[in-house]
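What follows is one structure encoded as structure tokens, with my remarks underneath.
The values are calculated or read from the model by the stated rules, or taken from the named source; none is laboratory data. The structure presented is a predicted model; accordingly, all values stated were derived computationally and were not measured. Backbone-built Cβ (ideal geometry, glycine too); neighbour counts: all protein chains shown.
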Amino acid sequence: MMRKPIALLALAVAIAACGTSAETPEAAEKVTLTYSLWDPNQLPAYQECADAFTATSGIQVKITQQGWEDYWNGITTSLVSGTAPDVITNHVAYYPELAANNQLLDIQPFVDRDKVDLTRYTGDLASLWVRDGKRYGLPQDWDTIALVYNVKDVEDAKIDPATLKDLTWNPADGGTFGELIKKLTVDANGKRGDEAGFDKTKVATYGWGLEQGGGVVGQTQWSWMPLSMGFQYLDKNPFGTDYKLDDPRLAEAITWWQDQMKAGYVLPREEAGRLGLEPMMQTNKAALVPDGSWRIGTWAGSTEQKFAFAPLPRGPQGRKTIINGLAPSITAGTKHPDQAWEWVKFIGSPACQDLVAKRAVVFPAITTAAAAAAESHRAKGVDVSAFTDIAADPASLSYYPITGSANEINTEAQAVIDQIQELKVVPADALKELDTRVADILK
Amino acid sequence: MTLTVGRSSPPKIAPARGRRRTAGDPVVAWLFLLPALLGFTVFYLAPTIRGFWISFTDWNLLSEPRFVGLDNYRDMLADDKFWNALRITAEYVVINIGSQTVLALAIAVLMDRLTRSVLVRAAIVIPWLVPNVTVAIVTLFMLDHNVGFVNHILDVLGFEPQSFYGDSDQAIATIALVNTWRNMGYTALLFFAGMQMIPRNLYEAAAVDGAGEWTMFRRVTLPLLRPVTVLVLVVSIIGSFQIFDTVAVTTKGGPADATRVIYYYIYQKAFNEFHMGYAAAMAATLFVILIALTATQMRLLRASSSDLR
């Protein structure tokens, strides 16, 4: 029945009616901006930025935080009802839709007026936020992918950790990465994946963990394999109109991945559970998993197991990682566009990003601040060069694919990836079919 | 209706101080109805009509809606995800209502024939008092493949661990049975209340005729319980079609679309993918389906007539 959606709708309409209350005249004197973000780990860093910003500009900033799951629903409904925050933390999967619906302010005029130096940001991060000559954000941070491994498991397998810096991979025989995950897989009798008598039905520790989700991108799950073969997601990025999901290289890479699942070297989907990577790695059900730099703190701070990081394997076309970054965007309905811009400019400036760097939770977008963040990690005894070295090499970077209707595409793709992980479909056929469905959405 | 009432209920005794029906009665009646009517109009009728209107537009929440006629409905008929969602919802309803009704009837009979203890009656509705979301989260942990208690028991008993919510072949049945567990006590209470209206002497007469418990259940309880059964079925089937919270908490429609029930699909289209017009079209269709289903049920089970005369 209609009740639930309609009730929400009625609520939104009611809020819209209340949201238009008039500003008091003295508001021009003391402006309070609202700023929203989803990551609780980053909240202290940006609170510090906000305090520093208030001290210099006199503009107050009120930060609201909601988890990723609720964040976007909250942003959307508040945009509809006219109660949206002045500045929001934005993600490339969402901003095209918001921009297309005129919900974001074009900051290009401000950037031109204040002559913001866009070359100080890592790689091409700044240009991800430009659509049709309009700019919707200044880069605040970036993330890359690297391997997370259990130090003890690697030692037990008598593997020299130094060799993990030069892993190779190819879809034919898996390269040294393929060898590694075999060796790291141990069954209940202590037999390793590359030994005779290995029982794949009774595995105690899998060589390769499995994170569910990932949608069409598979950012942490599988993206690095096809990318290292020269695969590209889109005809052009950002704002391509054709996903190349029928690329045979993608099918080859995913097929190899599925083969490892069949052979018992990858944690099976049924065992992955819905509780995420953490329990799987902490209980040592898996020895190694590719993961994003935003979770460095989780692994480095673990008390149950000791984890370390290694660079992604080198594929036929070299080493490739997805790089992505967040940016603050100004909502179109803000009553204080000038003050909001000041705050956005501050987030994108060394003044704020150096503060964020000290906290060592994310890598700030400004190259010098990112180096400072890596230094903060090193001071704590954590080597994050697996994430930073690759970011310094433009040839290794593949920007997160940006299109419209990203949610819809991800839903379609997720169903197919699930089926591949459940070993229910042949990747080449399923991906070809997915390609047509996605093309229909982007049509 | 009034005729049968005259036959089945004790003869009407005239009120002590006979107050005739006066012309003022309807006015008073409407006054009493007004608050409910107001709420109904503001919170149900108006949004429903607006919902139907939205279903003829391409509204995406963020831009002005544009009238697109029947486009949404045409897209819907061609959308295999929509049909998949309907199929999965039907699967859910069959498993949920089937198991829930049978178990609830069994519990009600046991309560009726064995114990009338208020304590038992209270205990049996406890699961129903726990919010759906809580049940979902608790079962998510209890049924987890790695750390779940249920799998621990299975392991002790020598069975293979199951992934329940995580397996596309089991997920929808898992959700259905979890909700059966939650709702069956409440449904049983409704049946139990219905059973109290069946005259005891019918059971005595049946016992004198040599009928066993099973025959009494089939020949006395079930037929005389029919109006209550219809009510329970209509209400619980409509409720069952509205399955949303358990899915939203545990599986989010996955794995591999195996639990993308119609309500969740509507929600996703409206609030994740910004196709409010399309979502409204599906909601409107579901509305019509439920009305048709309810009407059919009422007809088939002759809801308004009772065998008790």
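Summary table
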| quantity | calculated |
| --- | --- |
| Residue ID - nearest to A:N407 (Cα to Cα), chosen from residues in segment B:250-295 that are among the hydroxyl-bearing types (S, T, Y), at the interface with chain A (Cβ under 8 Å from one of its Cβ atoms) and assigned to a helix (DSSP H, G or I) | B:Y267 |
| Residue in segment A:346-360 that is in a helix (DSSP H, G or I), assigned by TED's automatic domain parsing to the domain that holds A:R120, basic (K, R) and in contact with a Ser or Thr (Cβ under 9 Å, 6 or more places away or on another chain) present | yes |
| Residue identified as loosely packed, with under 15 Cβ neighbours inside 10 Å, over 26 Å from A:I75 (Cα atoms) and more than 29 Å from the chain's Cα centre (by Cα) among B:G69, B:G39 | B:G69 |
| Number of positions in segment A:188-203 that are over 19 Å from A:E422 (Cα atoms) and in contact with a Gly (Cβ under 8 Å, 6 or more places away or on another chain) | 4 |
| Qualifying residue in segment B:259-268 (condition: buried (at least 24 other Cβ atoms within 10 Å of the Cβ) and under 16 Å from B:D58 (Cα atoms)) | yes |
| Which numbered condition A:T24 fails, given (1) modelled with pLDDT of 90 or more; (2) surrounded by fewer than 14 Cβ atoms within 10 Å (Cβ to Cβ) | (1) |
| Segment B:275-300 - residue that is more than 14 Å from the chain's Cα centre (by Cα) and modelled with pLDDT under 85 and, of those, nearest to A:P96 (Cα to Cα) | B:M298 |
| Residue pairs meeting the criteria (Cβ under 9 Å; at least 6 apart or on separate chains; first assigned by TED's automatic domain parsing to the domain that holds A:Y46, in segment A:81-109; second surrounded by fewer than 17 Cβ atoms within 10 Å (Cβ to Cβ) and acidic (D, E)) | A:A99/A:D132 |
| Residue identified as of a type in the set (G, A, S), in contact with an Asp or Glu (Cβ under 7 Å, 6 or more places away or on another chain) and part of a loop (DSSP other than H, G, I, E, B) among A:G333, A:G404, A:G381 | A:G404 |
| Among (1) assigned to a helix (DSSP H, G or I); (2) surrounded by fewer than 20 Cβ atoms within 10 Å (Cβ to Cβ); (3) out of contact with any strand residue (DSSP E or B) (no Cβ under 7 Å at 6 or more places or on another chain) - the single one A:T54 does not satisfy | (3) |
| Which listed residue is closer than 27 Å to A:P238 by Cβ and buried (at least 20 other Cβ atoms within 10 Å of the Cβ), from A:A392, A:A439, A:A369, A:A360 | A:A369 |
| Considering residues of segment A:64-81 that are surrounded by 14 or more Cβ atoms within 10 Å (Cβ to Cβ) and out of contact with any helix residue (DSSP H, G or I) (no Cβ under 6 Å at 6 or more places or on another chain) only, the residue farthest from the other protein chains (Cβ to nearest Cβ) | A:T64 |
| Segment B:160-185, residues that are among the aromatic types (F, W, Y) and either crowded, with 18+ Cβ neighbours inside 10 Å or within 14 Å of chain A (Cβ to nearest Cβ) (or both) | B:F164, B:Y165 |
| Scan of segment A:420-436 for residues that are facing chain B (nearest Cβ under 10 Å) and either in a loop (DSSP other than H, G, I, E, B) or surrounded by fewer than 20 Cβ atoms within 10 Å (Cβ to Cβ) (or both), ordered by number | A:E422, A:K424, A:V425 |
| Any hit, segment B:37-45, residues being more than 30 Å from B:A173 (Cα to Cα) and part of a loop (DSSP other than H, G, I, E, B) | no |
| Residue that is nearest to A:Q212 (Cα to Cα) [pool: residues in segment A:226-273 that are charged (D, E, K, R) and in contact with a helix residue (DSSP H, G or I) (Cβ under 6 Å, 6 or more places away or on another chain)] | A:R269 |
| Candidates A:T201, A:T163, A:T241, A:T168, filtered to the one that is farther than 30 Å from B:G253 by Cα, out of contact with any His (no Cβ under 8 Å at 6 or more places or on another chain) and at pLDDT below 95 | A:T163 |
| Enumerated helices (runs of 4 or more DSSP H) restricted to segment B:87-164, each holding at least 1 residues that are touching a residue at least 60 places away in the same chain (Cβ under 8 Å) and under 23 Å from A:T283 (Cα atoms) | B:132-142 |
| Output for segment A:151-200, where each listed residue is out of contact with any strand residue (DSSP E or B) (no Cβ under 8 Å at 6 or more places or on another chain) and closer than 27 Å to A:A251 by Cβ | A:P171, A:A172, A:D173, A:G174, A:G178, A:E179, A:D194 |
| Residue tally, condition aliphatic (A, V, I, L, M) and under 17 Å from the mean Cα position of the chain (by Cα), over segment B:136-186 | 7 |
| Residue that is part of a strand (DSSP E or B) and not polar (S, T, N, Q), where the choices are A:I75, A:I88 | A:I88 |
| Any chance A:A84 is within 21 Å of A:V356 (Cα to Cα) and at pLDDT 90 or above | no |
| Failed item, numbered, when A:G318 is tested on (1) surrounded by 20 or more Cβ atoms within 10 Å (Cβ to Cβ); (2) away from every other protein chain (no Cβ under 14 Å) | (1) |
